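The values are calculated or read from the model by the stated rules, or taken from the named source; none is laboratory data. Nothing here was measured: the structure is a model prediction, and the numbers come from that model. Ideal geometry is used to build each Cβ from the backbone, glycine not excepted, and the neighbour counts take in all protein chains shown.
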Amino acid sequence: MISEEIKKKIRGIVGAENALDSDLDRFGYSYDASFVPLLPAKKPDLVVRPATTEEVSKVMAVAYEHAIPVTPRGAATGRTGGSIPLQGGISLSLERMMKIVELDVNNMMVWAEAGVRTIDLYNACAAKGLFYPPDPASWKFSTIGGNVAENAGGMRAVKYGVTSNYVMGLEVVLSDGTVLQTGGKAIKNVTGYNLTSLFTGSEGTLGIVTKVLLRVIPMPKKRGTLQLMFRTLDDGCTAVHRMLQSGLVPAAAEVMDRFCLEAVAKHRKTQHDPAIGACIVIEIDGEDDEALALQTKRMEAVAKECGVYEFRVAQSQQESDELWAIRRGISSAIASILPNRLGEDISVPRDAFPEVVRRIATIAEKHKLTIAVYGHAGDGNIHPSILCDLSKPGEEERVHRAVEDLFDVTLSVGGTLSGEHGIGITKRPYIAKALGESGVKTLGAVKQALDPKGILNPGKIW
Ligand SMILES: Cc1cc2nc3c(=O)[nH]c(=O)nc-3n(C[C@H](O)[C@H](O)[C@H](O)COP(=O)(O)OP(=O)(O)OC[C@H]3O[C@@H](n4cnc5c(N)ncnc54)[C@H](O)[C@@H]3O)c2cc1C
């Protein structure tokens, strides 16, 4: 509980209208987009919405003095429960820090406040002919601060990498309110430890990101979309793998299995061809039409070697948007099939992708569960989604055992628990298995050094 006296102090910093404690407001900041109904959703005692770094710093100083838990929050699109305030305290929302502070065209860099939406940053850069590639499927809602905190990926990661590949520097407020600036516009920088990397992906457990310096690149001049249909998921995965091996790097290569295709067809009231067991949607980009035509020709040759059932090249922007709508529609389409959905986010070495996809099918059979598979085939990041009804007797236990098997398979091929969604609450029980004792101990030492009172996002990762 936060006393009335402390609330008054915080209201003095951010204004009464930005320090909310009604039941409804607290409820509104108690959940995120993790599909786990059994999470003990906790309401914060106070929702605080600062507008400046100075305000964040002052609020943190108060929280530090009184050892109040603080859970940072962007747009709450997180999939692992990261912005759920497990121990109450303050939900610190960055939603009012929405300014693009500087767009430095000469250096191709942009400073943005943490609450800027990913798509707004993309559009602001695009207007200047610049390209910010990380494109999480949630980019219409997610914030840059949340992307940094989770080291978010996206469809274009296969060619362009993930958020961390673009973060040049950060402004971070530490647990005691100290404002720290890391990195900068110098491309090469080995002065001291790489604190920018340390905070990127730290899930709000080490500091509050208030501003982000991102590098951007020239916008590709031409883009094209291809849709490849295969009879089996195995054939589709093998085709993407062979493309990469032969030096063909698509900007994005997204795979979806039969179940996802059927769910999207049902959702869109269209027919699914039962001969099709997998679909790959590919984005290619380049300097001109010839470059795209050459890539298309070479990709078609590889796809034919792998028994492609249908190879389609989008002829217009509208057709391209339609093909991508299938991929973007998966999440909501499969979520509507059964009452509960547990979405995982494993990441495996590229060459293990087809094998892991096969083993997921075996796990589904073993535990009598439906597991829909889609993901970023180009970079080995798979999203197996367990669709279930947790109100059925025994179902919850079966789901847990299936998740354990899934992680065992992932780790056995040299993969990792999360490619982009982070650990949060949902993967916490498995982190020791993935990192080993020395890994967990080292992470613990970093946490202790930066957050000695343990007030930053308590209960996450650990
Ligand atoms: C439909 C859908 C599709 C998605 N697709 C993708 C995808 O393709 N790729 C991908 O990587 N993710 C994806 N996600 C997950 C999610 O969108 C990302 O993790 C995103 O980065 C979260 O941003 P957010 O602003 O919503 O952060 P939140 O969910 O609010 O917070 C996420 C975590 O970051 C911390 N945090 C937030 N802001 C800050 C800050 N300023 N300083 C410190 N810590 C902070 C929070 O405490 C929490 O631990 C998807 C989610 C949905 C719902």
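A few notes on this one:
- Close contacts from region 417-430, counting a first residue that is free of Cβ contacts under 8 Å to residues at least 40 places away in the same chain and a second that is more than 12 Å from the ligand (Cβ to nearest atom) and part of a loop (DSSP other than H, G, I, E, B), with Cβ to Cβ under 9 Å and a gap of 6+ residues or different chains, come to ARG428/TRP462; TYR430/LEU417.
- Residues in region 140-186 that are without any contact (Cβ under 8 Å) to a residue 24 or more places away in the chain and among the β-branched types (Val, Ile, Thr): THR182 only.
- Subset of region 411-462 (residues that are surrounded by 19 or more Cβ atoms within 10 Å (Cβ to Cβ), out of contact with any Pro (no Cβ under 8 Å at 6 or more places or on another chain) and charged (D, E, K, R)): LYS427, ASP451, LYS460
- Test: THR80 is modelled with pLDDT under 95, of a type outside the set (Phe, Trp, Tyr) and either buried (at least 23 other Cβ atoms within 10 Å of the Cβ) or in contact with an Asp or Glu (Cβ under 7 Å, 6 or more places away or on another chain) (or both): yes
- Output for region 189-216, where each listed residue is surrounded by fewer than 20 Cβ atoms within 10 Å (Cβ to Cβ) and out of contact with any helix residue (DSSP H, G or I) (no Cβ under 8 Å at 6 or more places or on another chain): ASN189, VAL190, THR191, GLY192, TYR193, ASN194, LEU195, ARG215
- Any chance VAL281 is closer than 18 Å to ALA251 by Cβ and in a helix (DSSP H, G or I): no
- Residue within region 231-239 that is of a type in the set (D, E, K, R), out of contact with any helix residue (DSSP H, G or I) (no Cβ under 7 Å at 6 or more places or on another chain) and either buried (at least 23 other Cβ atoms within 10 Å of the Cβ) or at pLDDT 95 or above (or both) present: yes
- Odd one out for GLU65 among (1) touching a Cys at 6+ places or on another chain (Cβ under 7 Å); (2) surrounded by fewer than 18 Cβ atoms within 10 Å (Cβ to Cβ): (1)
- Flag for ARG49 being touching a helix residue (DSSP H, G or I) at 6+ places or on another chain (Cβ under 9 Å) and in contact (Cβ under 8 Å) with a residue 12 or more places away in the chain: yes
- LYS460 meets all of the listed conditions (1) over 24 Å from the mean Cα position of the chain (by Cα); (2) closer than 17 Å to GLY82 by Cα but one, namely (1).
- Residues of region 408-427 that turn out to be within 28 Å of GLY177 (Cα to Cα) and more than 12 Å from the ligand (Cβ to nearest atom), as a count: 0
- Residue satisfying all of: in region 345-364; within 22 Å of GLU397 (Cα to Cα) and within 16 Å of the ligand (Cβ to nearest atom); surrounded by the fewest Cβ atoms within 10 Å (Cβ to Cβ) among these: ASP345
- Residue within region 20-34 that is crowded, with 22+ Cβ neighbours inside 10 Å, at pLDDT 95 or above and in contact with a helix residue (DSSP H, G or I) (Cβ under 9 Å, 6 or more places away or on another chain) present: no
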